[in-house]
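See structure below.
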Ligand SMILES: CC(C)(COP(=O)(O)OP(=O)(O)OC[C@H]1O[C@@H](n2cnc3c(N)ncnc32)[C@H](O)[C@@H]1OP(=O)(O)O)[C@@H](O)C(=O)NCCC(=O)NCCS
């Protein structure tokens, strides 16, 4: 059975393993300081938030998200990170994590939950095409 809930102090090591795998998936590197900072902010739970998915008590999936204002609607919720452990994929864990973020954001009267993915991420897009709507926007950025 899959259970979704907030991350507790005891989840720290398992969370970092999953977050590190997510960062590696996108071929990025983070300093230990950034992992420590993220964990602090999730435990603080004021500006950034996290949920974890467990199967038989083992943390197998994580998602990170936050609310921001919108110029043209009520606040919106940005789902920044989503990762599930390789061995349990295809069992609906990510789907449940997204649904839990939607419940969380709805309870806080957000207008929508949205997220991005790389266009080549076919596996993720199979799920996203089922649970969300691709409005066709593309992302630009300038590194500062
Ligand atoms: C993308 C990712 C989060 C999906 O996690 P997951 O727990 O396997 O997803 P789910 O089991 O909830 O997927 C549900 C749906 O997606 C599809 N799907 C997901 N993974 C699939 C796979 N490997 N093969 C076939 N279909 C798959 C299924 O059709 C499934 O639909 P169904 O529920 O109607 O059967 C996971 O593969 C992952 O962590 N990938 C690496 C990191 C990543 O890409 N994160 C997202 C970045 S934006």
Here is a list of conditions, (1) under 15 Å from the mean Cα position of the chain (by Cα); (2) closer than 19 Å to residue 21 by Cβ, and residue 58 meets all of them except one; can you say which number that is?
(1)
If you check residue 82 against the conditions, is it part of a strand (DSSP E or B) and away from the ligand (no atom under 11 Å from the Cβ)?
no
Which condition number in (1) more than 16 Å from the ligand (Cβ to nearest atom); (2) surrounded by 13 or more Cβ atoms within 10 Å (Cβ to Cβ); (3) not in a strand (DSSP E or B) is the one that residue 14 fails?
(1)
For residue 25, all conditions in the list (1) closer than 20 Å to residue 100 by Cβ; (2) within 12 Å of the ligand (Cβ to nearest atom) hold save one; what is the number of the exception?
(1)
Filtering the stretch 46-67 down to residues that are exposed (fewer than 10 other Cβ atoms within 10 Å of the Cβ) and assigned to a strand (DSSP E or B) yields none
Assigned to a helix (DSSP H, G or I), farther than 18 Å from residue 4 by Cα and either within 11 Å of the ligand (Cβ to nearest atom) or out of contact with any helix residue (DSSP H, G or I) (no Cβ under 6 Å at 6 or more places or on another chain) (or both): is that true of residue 40 in this structure?
yes
Buried (at least 17 other Cβ atoms within 10 Å of the Cβ) and at pLDDT 95 or above - does that describe any residue in the stretch 68-75?
no
If I ask for residues that are away from the ligand (no atom under 12 Å from the Cβ) and in a loop (DSSP other than H, G, I, E, B), which ones from the stretch 85-138 would you list?
108, 109, 110, 111, 112, 133, 134, 135, 136, 137, 138
Given the criterion surrounded by 15 or more Cβ atoms within 10 Å (Cβ to Cβ), more than 19 Å from residue 1 (Cα to Cα) and touching a strand residue (DSSP E or B) at 6+ places or on another chain (Cβ under 7 Å), identify the matching residue among 105, 100, 85.
105
Within the stretch 18-31, identify whether any single residue is closer than 24 Å to residue 110 by Cβ and in contact with a helix residue (DSSP H, G or I) (Cβ under 7 Å, 6 or more places away or on another chain), and answer yes or no.
yes
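The values are calculated or read from the model by the stated rules, or taken from the named source; none is laboratory data. This one's a predicted model, so the numbers in the text were calculated from it and none came from an experiment. Backbone-built Cβ (ideal geometry, glycine too); neighbour counts: all protein chains shown.
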